[in-house]
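First up is the structure itself, then whatever we jot down about it.
The values are calculated or read from the model by the stated rules, or taken from the named source; none is laboratory data. Only a predicted model underlies this, so the values are computations on that prediction, with no experimental measurement involved. In case anyone asks, the SASA skips ligands and DNA or RNA and just uses the protein heavy atoms, side chains included. Shrake-Rupley method; radii C 1.70, N 1.55, O 1.52, S 1.80 Å.
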Amino acid sequence: MKILILNGPNLNLLGTREPEIYGNVSMEQCLEKLKTEFSSHELNYYQSNIEGEMINRLQEDDFDALVINPGAYTHYSYAISDCLKNIRKPKIEVHISNIYKREEFRQKSVTAANTDAVLSGFGMDGYRLAILSLK
């Protein structure tokens, strides 16, 4: 199975960004572990701070399943939400922190309605749990 892991804005800073919220593991370290554990799958990773680039990547349609962490776009990107609505493949939304314990504006996801499930608050292990659920 070809799985696309797509991260949104500021998630390129994982490992150094607010470690009290996001931990101190970089996405590169996380991907290394994921690729070892799920070696029978092709894991492709893409991160962008730009909404349109994320949509363009989703529309490439070269994957069988999706793990997406839209970052801050979770809370207001109807464009990404509309794009997800048109993807007829398994899709899991992941949030490293528990968005329901954060600021009020972070407690609503406009993208979640167009995914199959949401994992929130499991730290970086959320990516692993999402892949397990796609198998």
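Structural remarks
- Amide H within-cut-off set for SER120, under 5 Å, with H built and near neighbours excluded: HIS95
- Apportionment of accessible area to carbon and sulfur, the range 1-73, percent (1.4 Å): 45 percent
- Residue-normalised accessible area of the chain, expressed per residue, 1.4 Å probe, Å²: 51 Å²
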